[in-house]
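> Before we start, here is the structure in question, set down as C-alpha cells.
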Amino acid sequence: MAIVQNYAPSNYARVYDTNICSYIFTGTSYLQPNYSIYVEYYCNGIKIGQQKYYPTSTGIVYINPTSIYKNYLSPSNQLYDFSLSSTGVTICPNSLKSFFMVLYESYGTPPTNHNAFTTSSVYFYNGCQQFIDYQSTAGGGNLQWVMWGGGTGGFLTDVDQIYMDETDYMNLYFICATPINKIVYTFDQGGGGGGMNQNRAQNSRELTNQSLVKGDPNAVVKPPPTPTGNTLVETESVNISSYNMFYIPISMTRLRGIWSLPDNWHWFTVDLYYNTTKINQRSFTVYYTKRDCRYPNYQVSWINKHGGYDSMTWDKGNTVKNKIKRDTYKKSLFPNYNFQQAGELVHNIEVEEDITLTTSLLDDQTQSQLIQGMFQSPIIFVLQNINGVNYSSPYICVDTDVEYLQMLNDQSIYYICTLRPSNAKILQTF
C-alpha cells in the first residue's frame, strides 16, 4: 500500500495562485479503519506545520498548501526584499523559498502512520494569480518567468521598459535557475536630440499588441531601440549560482559610481550572461526622461503580480493633504459658569497625512500598464528623505475605480492616485 501523487505544481509556483498550486494524492489504503492522510510541511528543510486530511470515498485527497506557505514569504511575513541602498546584485531570501511535504497514511486502532511519501521540492515565490485565459494560453506557465538557460525567462516586471532620470531609483528582479556571471549594460549616446520622452506617441500596432497581452514577458510592446552606432558597453561581474530570486539596482547613481558614463545617454539596456550566452529572453530598456521640477517628485515602488517590484516617479501636481479627526465630549456648565468655559471640549485630535500624485501626460501604453500594477498592488513604498537620508515607507492606494488606456483612439491621458500611509502618519495628537 502507498500514497500516489496524481498532480503537483510546477517546480516554480506563485504562492498566491490558488488555481494551479494544488496537489492531488490517492491513498491506496483508504479502506482501512480510522483512515486519514497526515501531512507535514517543510520550508527550506525546516518543519513548519502539520495537518490531517480525510479522503473522498475513493481515497483521493486535494491539498492546497498556499495558505500556509504564504506566511513564510513577503509580503505576508512583512520581510520585504526591497532596498534603495543596495550597491550590487542582492538575493531575495523572503521572496522565494523551497517547500515540500511528507505524507503518511494513518489508520488502525489507535491510528498510526504508515507508508511515508515525500514530494519533490517546489520553489514558491510571492507572485499572485493571473487571469485564467492568460494562464491557459501563455506558453511555459510560471516557468516563462524563470531564467533557466540561454534565452529563457523574463524579468519580474509588468513591462520591459521604463523611463528614468539621473535621480530615480529602481531594482530589477529576476528568478535564477542557471549560473550567471555578468551583467551587460549597453548605453546609447545617440546623435543629438535628447532622450526618449514618456509623452512619445506610439503607433497603432504597438497599442494593439500591448492591449492583448497584459503581462506576457515575450510580448513586443514597442520595437527595440535601434543603436545609433555611438554606444558604450559596460560589464559588471557577478557570481550567481544558486536557485533564488535576485534584484539588480539599476539607478544611474549606482552605475556612475562604477563607471564613467556619458552625460548625454538616450537609453540603456540590461542583459544577463553566462560567458557568451545571453540568459534573459528580452532586454530590459531604460529610457532617459527629464522630470518636471516645478512640483515635488515622488518615487513610488510596489510589488507586482510576478513577485518583483516596479517603480515610477510621479512628477506633476502632487499634493499633501492633512486629515484632521477630533473626538469631543460635552460637560455641564453649571453652577459655576463663566465666559471662558466651553460646553463641548476636544479630548483627542489626530492629524493624518494623505498624498495625491499625478503623472505626466501619457500616450505610451506600457506606462499605463505599469501604473495599473501599482493601483492593484497590496504593498506600495514611497521614497522619503529626512535629514538627507533616504528611506522607504509603506503606503496603501485608496483608489477603487481606475480607467485603463487601451483603445486605439484614446488621447494622451494622465493618472491621479491617492495614497495613505500603512502606519497612520500622525503628525500630532493631544
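Where a number appears in this text, it was derived from the coordinates with a stated rule and is not lab data. Owing to the predicted nature of the structure, the values given are computational and were not obtained by experimental measurement. All Cβ positions, even for glycine, are placed from backbone atoms using ideal geometry, and neighbour counts span all protein chains on display.
> Determine the relative contact order of the stretch 3-129: mean sequence separation of Cα pairs under 8 Å and six or more apart, normalised by residue count, in whole percent.
Working: 266 pairs, mean separation 43.5, N = 127.
Across the stretch 3-129, relative contact order equals 34 percent.
> Okay, moving on. Suppose we take every Cα in the stretch 3-129 and form the convex hull; what volume per residue is that in Å³?
Per residue, the Cα convex hull of the stretch 3-129 comes to 104 Å³.
> Moving to a separate point now. Beyond 29 Å between alpha-carbons counts as too far, so tell me which of K182/K305; K70/K290; K97/K316; K97/K278 fall in that bin. Provide the component values of the computation, followed by the final result.
Numbers: K182/K305 27 Å; K70/K290 40 Å; K97/K316 39 Å; K97/K278 26 Å.
K70/K290; K97/K316, as the Cα separations exceed 29 Å there.
> Which net charge results for the neighbourhood of I180, defined as the other residues with beta-carbon distances under 13 angstrom from its beta-carbon, given Lys and Arg at +1 and Asp and Glu at -1?
Residues close to I180 contribute a combined charge of 0.
> At a 10 Å Cβ-Cβ cut-off, how would you order H347, H306, H114, H266, fewest neighbours first?
Going from least to most buried by this count: H347, H114, H266, H306.
> I would also like to ask the following. Would you calculate the volume per residue, in Å³, of the smallest convex hull containing every Cα atom of the stretch 222-347?
272 Å³
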